[in-house]
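Right, one structure below, let's go through it.
The values are calculated or read from the model by the stated rules, or taken from the named source; none is laboratory data. Computed from a predicted model, the values in this text were never measured in an experiment. Heads up, the Cβs are rebuilt from the backbone with ideal geometry, glycines too, and the neighbour counts pull from every protein chain shown.
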Amino acid sequence: MNGVRHWTVLRCLGGLLTVAVSVLAAGCASPARHTAAGASRSPSARPSSRPASPVSPTPARDASPSVIAVPPPPGNLHQTRAFPSASTAVFHAEMTDLWDAVMTGNADPAVQAFFPLSAYEQVKAIADPAADWRSRLLGGFRLDVAAAHRYVGRGATLVRVIVPAAQAAWIDPGVCYNSVGYWHVAGSRIVYRQRGQLRSIGIASLISWRGRWYVVHFGTVLRNGAYGVVDAPSVGTGTPGPPGGC
């Protein structure tokens, strides 16, 4: 993706670990559940009547983990209606890289988990989708990673990522300035442990490309300036969702 080197950080202890785990925002808002960087409010309790994707714990990562290459995203191929899984090795790799970005404050390792430019150019029915992707989407993602890094701080370990797959919806072409459909789910949760306490932050929006989930909005869908946002930080796992958005 534009020369970005895609890496993933994986840890194996006796076998492959699995983690259960965008709204494209030109004129399209998702439910209001986003908090400015550094805030620590809990999201409103709003239990879902449908279960989230199964999840399993991820042990703490080594200080010097092994790094292996991950297949690049198939963004140059056409979209399919394949429903994404949050329990694949590739998704586990993406979320591990996202967590690495939060821990270091460097978004580069997580760009391979971000919605591909070549796919966005097919999806977005606007004059210059490449410029929008670089400035608004990827630029906002980098700001949100930095905000999450400041909020989480040091000494945290990833436990699991929860994707409320039962709340996912197929977004038809023509909605939110899009020319190609995709699966969308809002309000996934990154669950981590810090100083013995279970905590979590949200992922504002995941969307699909050819049966694979990608982050398209991390902290917030809409922002009014060049600042990062932490999505619904909470003690405990928080509440995934609510559904909605596009």
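Does GLN112 satisfy the condition of being crowded, with 23+ Cβ neighbours inside 10 Å and either polar (S, T, N, Q) or in contact with a helix residue (DSSP H, G or I) (Cβ under 8 Å, 6 or more places away or on another chain) (or both)? When the stated conditions are applied, GLN112 passes them.
Report the residue count in the stretch 127-142 for those that are modelled with pLDDT of 95 or more and more than 14 Å from the chain's Cα centre (by Cα). So the answer is 10. In the stretch 165-204, of all residues being more than 19 Å from HIS78 (Cβ to Cβ) and of a type in the set (D, E, K, R), the one that is surrounded by the fewest Cβ atoms within 10 Å (Cβ to Cβ) corresponds to ARG195.
Return yes or no: is ARG199 part of a helix (DSSP H, G or I), more than 20 Å from VAL90 (Cβ to Cβ) and under 19 Å from the mean Cα position of the chain (by Cα)? Before the answer, list the steps.
Numbers: part of a helix (DSSP H, G or I): no; more than 20 Å from VAL90 (Cβ to Cβ): yes; under 19 Å from the mean Cα position of the chain (by Cα): yes.
Taking the combined requirement at face value, the residue does not satisfy it.
Listed conditions (1) among the basic types (Lys, Arg); (2) surrounded by 20 or more Cβ atoms within 10 Å (Cβ to Cβ); (3) under 27 Å from PRO129 (Cβ atoms) are all met by ARG223, apart from (2).
So which residues in the stretch 109-140 are farther than 17 Å from ILE203 by Cα and of a type in the set (D, E, K, R), if there are any at all? GLU121, LYS124, ASP128, ASP132, ARG134, listed by residue number.
Selection of the stretch 78-107 for residues being among the aliphatic types (A, V, I, L, M) and assigned to a loop (DSSP other than H, G, I, E, B) yields ALA82, ALA86, ALA107. The listed residues are VAL161, VAL185, VAL215, and the only one of them that is of a type outside the set (Ser, Thr, Tyr), more than 29 Å from ASP128 (Cα to Cα) and in a strand (DSSP E or B) turns out to be VAL161.
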